[in-house]
Amino acid sequence: MDSPWLIGFLIFSSYLLGSIPFGVVVSRLLGAVDPRTAGSRNVGFTNVLRVSGKKAGILTLLGDIGKGWLAGWVGTMLLQEESAILWVALASVIGHLHSVFLGFKGGKGVATALGAALGVAPWIGLTLMGLWVGAVFLWKYSSGGALFAFAMFPIVALLFHRSWTFIGFTCVVSLLIWVRHKDNLVRLWSGTESRIGQAS
C-alpha cells in the first residue's frame, strides 16, 4: 500500500510543476511578447505561437507537455495504486489551469493533459496526441482539435480495455478541457474562431 505522505507530497509537487507557466517563462527568456498581454491573453501554445513566434510556441508546447509527462511518469515509478497515480497526473493539469504563480489563473490544459496521459499510459497518450494533431491538421482549428481529441479520450481508454478508475480519470480531464474551452465552442459554432496561422 502506498504511503499517504508520499501520495500527498507527489500530488502537491505535481500541482506546483503543472503551475509553471512555460508560455510566460519562454517568452521572457526570448525577449518576446508576454502572451498575457496580447492575442487571446492565454499562456498556452496557440497564443504564444501567434504573438511570440514559432520558437517560443514550440518551446512552450514542449514545456507544457513535458511537465504533464514528468508528473505522470514519476507517479507510475513511485506509486502502485492506480487511483493515486492518476491523482498525481491530474494535479499537474489542475496546476496548469489554476497556476499558483499566475494568481490561480492559467492556460487551457491541452498540452499538459496530453503529457499526463503519455506519462501514465504511453500508448493511450500517443493515440490521443495523434487524434489532436490529425484534427488540427484537417480543420486548422487548435481548439477544435483539442475538443475532438478529449471527447475521444474516454472512448480510447475503453478501446484499450482500461479500468473504470482510469476511464473516470479520462472523463474528468476531458470535462476540464471542454469547460475551459467554452468560449472557443461559442466561436466555433458562430464561425468566428481563428484558424492556425490566422491573426486573432
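Each of the peptides 7-14, 65-72, 81-88, 116-123 was scored by the mean count of other Cβ atoms within 10 Å over its residues; in descending order, highest first, they stand as 65-72, 116-123, 81-88, 7-14.
Of the chymotrypsin sites (Phe, Trp or Tyr not before Pro) found in the stretch 131-186, those in coil by DSSP whose Cβ has at most 16 other Cβ atoms within 10 Å are F160. Computed over every Cα-Cα pair of the chain and binned at 10 Å starting from 0, the pair-distance distribution P(r) comes out as 10, 37, 36, 14, 3, 0 percent. Each of W189, A84, G134 was scored by the projection of its Cα onto the charge dipole of the chain, and the greatest displacement toward the positive side belongs to W189; charges sit on the C-beta of Lys, Arg, Asp and Glu. Along its principal axes, the stretch 81-200 has C-alpha extents of 45, 36, 19 angstrom, given from the largest down. Ranking V74, G144, H96 by how far each Cα lies toward the positive end of the dipole of the chain (charges on Cβ) leaves G144 at the top. Helices of the chain meeting both criteria, an alpha-carbon length of 30 angstrom or more along the long axis and an average Kyte-Doolittle score not below -1.0, with helices taken as full DSSP H segments, are 54-78.
Any read-out appearing in this document is the output of simple, stated calculations on the displayed coordinates, not a laboratory observation. None of these values were measured; they are calculated from a predicted model. Note that we place each Cβ from the backbone using ideal geometry, even for glycine, and neighbour counts take in every protein chain shown.
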